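To start, the structure under review is shown below, and the notes come after it.
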């Protein structure tokens, strides 16, 4: 079995994440898509790590997980704050700032 | 056997990802993401990264996604319109960009077909808790400490943003 | 003396800082007057000690340490024949400018005078800088105060005028900055062991040889900046606006000093730095100069606003300066320098007088005046002298400059045609027309407006500030050599040096092929071609001289034929 | 290396990390914002001093080569600490007047600074990633600080979503580079033999990630919103310290990890530099909101800095570092004065129309604003001019003349919107009867110091240029 299957899978997942970020309107879902992107990158890292027999890639995944957790905490807090202000998390309806 | 497992997990992961971005219901989206994360954890196992597979399920699937679900329930978010129900330039641009990114990445990856070796034989040792722990607390000690501060900062920040009462400017 | 030069340059800046701590408005005025007068008095020894015969040598030179790390960019100031008179003009006009705005400026007095003083330091620095980079810095230092002077204390349309003035100038000078950097590196590689340099002595040394393509590009970008600053037609549109909207002091500074920076820069940098390009493009610039002379005069003729009329007459006068400089003759360049001084004096005086009229009448429209000579006899005399000087009446200063320029351009080998001078002479006639017509309408005739009957003549302060200008107007007119002697040796040396370097570069470049577009630019004018011909002839002569087959006599014959 | 010496190499980082935790605890137990402010200031001064002393110390690697110290990294730390210190000093008055002066602010600022310090010292993609993320996550929070203001929270959301998106690209780039080279150390990546598609895809994605952080067009979308929405002194912090940190890290990555690929990324940066300068300046022209104008102007400045990166020589890198220094000084200053006007109630003092005639009230503030704005225009004798000049010069020396011409034309256009502020301050009438209060002594002193530095390094840049010119350690 070839390694590029893994890379291909992660590329597909990454792209789905990108499409999601660009098309969705709900802030939470956009954020989840960003998490999907991070997750697919983790897959890439693990498969490279497996290919090289090298631990560093997995270490990076570990840190990426930490970052994802931290991002989740802050991101969800921001979403709660904006929901309290606007009663919506629809990014197309939150538009005080333009140009 | 591995090939079949890979195909199974990969199909699940992609299907869950597509399900996530096409679902109308935010809760469903979140659940799809959990499914995706777990499938990816399965693939980690195939790649002999046991530690990360466990962490993936525990931290990502367990902690983070629960947080997501909690917030979604807390805010009682209404359903979103179906992704394809209203075609707009936004979608077109998003789709177009997505296709470009995908094709570039696929091209990049396809160009290395056949050059990559099998899973490295040392991987059995590399993916274990011992190996990773060893690296983390020797070479990567400083980053681990940084992570401590990062998580502290995130907690303080989350408190700061979500804790205090919002003043009178809320539009009702 | 070196120290004295630096003191003269920075004393006004020090004064500007001093003004921050002074609250009383009258004290502010007196302090500024004191500072500017002191500056002028201190600058007199510089003139007296000046070695007239020294050519190609910078006097009172201060050379600082390189201040930008690995680059040979240093603080360098000094004076030579090109800058001496303009430097003195600047120190001379400053007290007059301060006096002229004594009563007109009533708000933010301290701000006004500190701007004027900073502007003076900048201007003195521009004329004294002996390093291209320092020149640029000092030049930009004059822009900021000018921006505020016009914008805060100007007329009704001041904001548009000042923003236009600032942006217009900056666009040109930023493009020049790129060219300046290029010159700095090129000079570094050629004459300074690879270290970036903008030292004037190095960038005008014979070893610094830019090829023709480089020269064309660099000349055009430097030229563009200077054209805007001078301003040369068709880049002049900011000038009438800025002149009209500026307060009297601003107009005077602009006319007497700021505009000279452009023409001075042409003489100091544009021509010596890019000799071949300068010679090649000389006819083009001369044409622009002549167009400026005629255009300025014609537009001035139809102005209803006295100040605008004077502003357009500036364009006309500066056209003369440009023509004189690009004639590439000593007479022409001498005329250009003295014409710069003349224009500073006479146009400065005219602006001051217009300011006095405006202060009394709150109008600058010609139609609002008429017959006021009866009420203001002293003013009439002054105005008359300034007007006649501006026209170029023999015996007054304007005549000297214009005459020298016309003679210089008439005989110019670079321009190659007397027509430039002939058409420019037409400008003198036109000037007589519009100036006298204006004077007649403002001063004589019946009094049509009741308010004009209440006008009072100029007071002692106003007389006091005009009289020194009048003295110099007459002095230059009667004994021009007292002034032209300062620049004579230097100008002669500079032109010869420039021509010599041009030929050296052309002979080195004779075999080089120019790209098609550059060739086209050069073909616009036949002069470069003629240099090429001379060089080619010499080349063929040399090559034939090396042929041993022919006898000596034949070569001599050939030489005689070619000569 | 002795453990103690090893710790000394990252002394500013340690001080700031400890300070962040200390201030957090202080807040938890006392909740005294004033005390938090004071201790933050003291710690910042200490960290700045430590960074400056590192600047003159040795260079090398520590912590298993994860960290690089001295030289460029130390200068990056100095930049970050200058930005942090002055933003902190200015924040107190501003936040007290606008309501929002809480102790957590300072701990978040310190955590962000911690991330920046790590970022400028990273010699490895792991630390780089962690540094960027620590910085970004803290900044997301800071952007939404005044959370009862809709704009502020909205800015935080936009920043956060786009930031998370960009993180994905950055991490993907890192992952692919890791795959192509088998290591996350910058030096090892430079040694990559085979440059296949994976390598180039990695480089491209990494560039995208950095372009986002330095807000290069077209990845600038978040900048104006965030800069406008965030509290002004926090904006100053973001615009200076985080930009400077990102640029220094960018220099480290370009010069250490990708020196062989210079021709390729040089061309890419060339294109994005042009886009950034042109779009940034054009959009700045039409802004009425001063903060938004300054946001676009900072995008434009990123474009000028990218000219230096595109040149990619040692001289260009040190020119960029100088530019960043000047940029930090003048931007904090300008935002500080906007913050001063803004804390007056009654009018929206981020709108330039409301500045009419205010230059003569509180003349010190007006004069300082002129100095900072003229420095941004790039007029001598201010530091901004020297920065621009050196960057342009380095690029001209590399033959990028057309790029420099675009740069000067863009900065000529920029004059209009900078002058517009001055025109309103000085040349229009104050017809609304606005009366300004006096700023605090420390506030004024901080701005005066910034202005003095702006002038000093404009008149006498040699001190700094010599130092920066001696950094031959951009790459090995």
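The values are calculated or read from the model by the stated rules, or taken from the named source; none is laboratory data. Remember, it's a predicted structure, so these values are computed and weren't measured experimentally. We place every Cβ from the backbone using ideal geometry, glycine too, and count neighbours over all the protein chains shown.
Give region D:376-407 a look and list any residue that's without any contact (Cβ under 8 Å) to a residue 24 or more places away in the chain, crowded, with 22+ Cβ neighbours inside 10 Å and assigned to a helix (DSSP H, G or I), or say none. Outline the logic, then answer.
At the first step, the residues of region D:376-407 found to be without any contact (Cβ under 8 Å) to a residue 24 or more places away in the chain are D:379, D:389, D:396, D:399, D:401-402, D:405.
Imposing the further condition that a residue be crowded, with 22+ Cβ neighbours inside 10 Å reduces the set to D:379, D:389, D:396.
D:389, D:396, listed by residue number.
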Single unsatisfied condition, residue D:220 versus (1) modelled with pLDDT of 90 or more; (2) surrounded by 22 or more Cβ atoms within 10 Å (Cβ to Cβ); (3) within 24 Å of residue D:403 (Cα to Cα):
(1)
Flag for residue D:302 being in contact with a helix residue (DSSP H, G or I) (Cβ under 8 Å, 6 or more places away or on another chain), at pLDDT 90 or above and more than 14 Å from chain C (Cβ to nearest Cβ)
yes
Those residues of region C:140-164 that are more than 10 Å from every other protein chain (Cβ to nearest Cβ) and either out of contact with any helix residue (DSSP H, G or I) (no Cβ under 9 Å at 6 or more places or on another chain) or outside any helix (DSSP H, G or I) (or both) come to a total of 3
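Taking helices (runs of 4 or more DSSP H) that do not extend beyond region C:389-490, which have at least 2 residues that are under 22 Å from residue C:85 (Cα atoms) and touching a residue at least 40 places away in the same chain (Cβ under 8 Å)?
Numbers: elements: C:397-410, C:419-443, C:460-478.
By residue number, C:397-410, C:460-478.
Among the helices (runs of 4 or more DSSP H) confined wholly to region D:68-144, which include 1 or more residues that are buried (at least 24 other Cβ atoms within 10 Å of the Cβ) and facing chain B (nearest Cβ under 10 Å)? Full working, then the answer.
Values: elements: D:71-98, D:103-120, D:125-143.
Where helices (runs of 4 or more DSSP H) fall fully within region D:68-144 and carry at least 1 residues being buried (at least 24 other Cβ atoms within 10 Å of the Cβ) and facing chain B (nearest Cβ under 10 Å), they are D:103-120, D:125-143.
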Return the only residue of D:175, D:166, D:191, D:180 being within 7 Å of another protein chain (Cβ to nearest Cβ) and touching a helix residue (DSSP H, G or I) at 6+ places or on another chain (Cβ under 8 Å).
D:175
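Can you tell me which of D:349, D:322 is crowded, with 24+ Cβ neighbours inside 10 Å and either within 14 Å of chain C (Cβ to nearest Cβ) or closer than 19 Å to residue D:429 by Cα (or both)? Can you show your working first?
Working: D:349 fails: crowded, with 24+ Cβ neighbours inside 10 Å.
Matching residue, one of D:349, D:322: D:322.
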From (1) within 23 Å of the chain's Cα centre (by Cα); (2) surrounded by 24 or more Cβ atoms within 10 Å (Cβ to Cβ); (3) part of a helix (DSSP H, G or I), pick out the condition that doesn't hold for residue D:208.
(2)
For residue D:249, are the conditions met, namely being touching a strand residue (DSSP E or B) at 6+ places or on another chain (Cβ under 7 Å) and either crowded, with 24+ Cβ neighbours inside 10 Å or not in a loop (DSSP other than H, G, I, E, B) (or both)?
yes
Whether any residue in region D:371-385 is in contact with a strand residue (DSSP E or B) (Cβ under 8 Å, 6 or more places away or on another chain) and either modelled with pLDDT of 90 or more or over 25 Å from residue C:196 (Cα atoms) (or both) is what I want to check.
no
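Test residue C:112 against the criterion of being part of a helix (DSSP H, G or I), over 21 Å from the mean Cα position of the chain (by Cα) and surrounded by 24 or more Cβ atoms within 10 Å (Cβ to Cβ), and give yes or no.
On the way: part of a helix (DSSP H, G or I): yes; over 21 Å from the mean Cα position of the chain (by Cα): yes; surrounded by 24 or more Cβ atoms within 10 Å (Cβ to Cβ): yes.
Against the criterion (part of a helix (DSSP H, G or I), over 21 Å from the mean Cα position of the chain (by Cα) and surrounded by 24 or more Cβ atoms within 10 Å (Cβ to Cβ)), residue C:112 qualifies.
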Which residues, taken from region D:26-39, are within 14 Å of chain B (Cβ to nearest Cβ) and closer than 29 Å to residue D:73 by Cβ?
D:36
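Rundown of residues vs (1) under 12 Å from the mean Cα position of the chain (by Cα); (2) without any contact (Cβ under 8 Å) to a residue 12 or more places away in the chain; (3) within 20 Å of residue D:170 (Cβ to Cβ), yes/no style:
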site	(1), (2), (3)
A:4	no, yes, no
A:11	no, no, yes
A:16	yes, no, yes
A:20	yes, no, yes
A:26	no, no, no
A:32	yes, no, yes
A:37	yes, no, yes
A:46	no, no, yes
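Under the condition of being touching a residue at least 24 places away in the same chain (Cβ under 8 Å) and part of a helix (DSSP H, G or I), which residue from region A:77-90 is nearest to residue B:40 (Cα to Cα)? Steps first, please.
Here is the first cut: in region A:77-90, the residues touching a residue at least 24 places away in the same chain (Cβ under 8 Å) are A:79, A:82, A:89-90.
So of that shortlist, the ones also part of a helix (DSSP H, G or I) come out as A:79, A:82.
Working: A:79: 27, A:82: 32 Å.
Ranking the candidates gives A:79 first.
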For region D:40-67, name all the residues that are within 14 Å of chain B (Cβ to nearest Cβ) and over 24 Å from the mean Cα position of the chain (by Cα).
D:61, D:62, D:63, D:64, D:65
Going through (1) closer than 24 Å to residue C:262 by Cβ; (2) modelled with pLDDT of 90 or more; (3) within 11 Å of chain D (Cβ to nearest Cβ); (4) buried (at least 24 other Cβ atoms within 10 Å of the Cβ) one by one, residue C:73 fails only at (2)
Tell me which of these residue A:38 doesn't satisfy, since it passes every other one: (1) out of contact with any strand residue (DSSP E or B) (no Cβ under 9 Å at 6 or more places or on another chain); (2) more than 20 Å from residue B:53 (Cα to Cα); (3) more than 7 Å from chain B (Cβ to nearest Cβ).
(2)
Would region C:43-66 turn up any residue that is free of Cβ contacts under 8 Å to residues at least 12 places away in the same chain, part of a strand (DSSP E or B) and surrounded by fewer than 16 Cβ atoms within 10 Å (Cβ to Cβ)?
yes
Would you mind telling me which numbered condition in (1) more than 9 Å from chain A (Cβ to nearest Cβ); (2) modelled with pLDDT of 85 or more; (3) farther than 17 Å from residue A:14 by Cβ; (4) in contact with a helix residue (DSSP H, G or I) (Cβ under 8 Å, 6 or more places away or on another chain) residue B:59 fails?
(1)
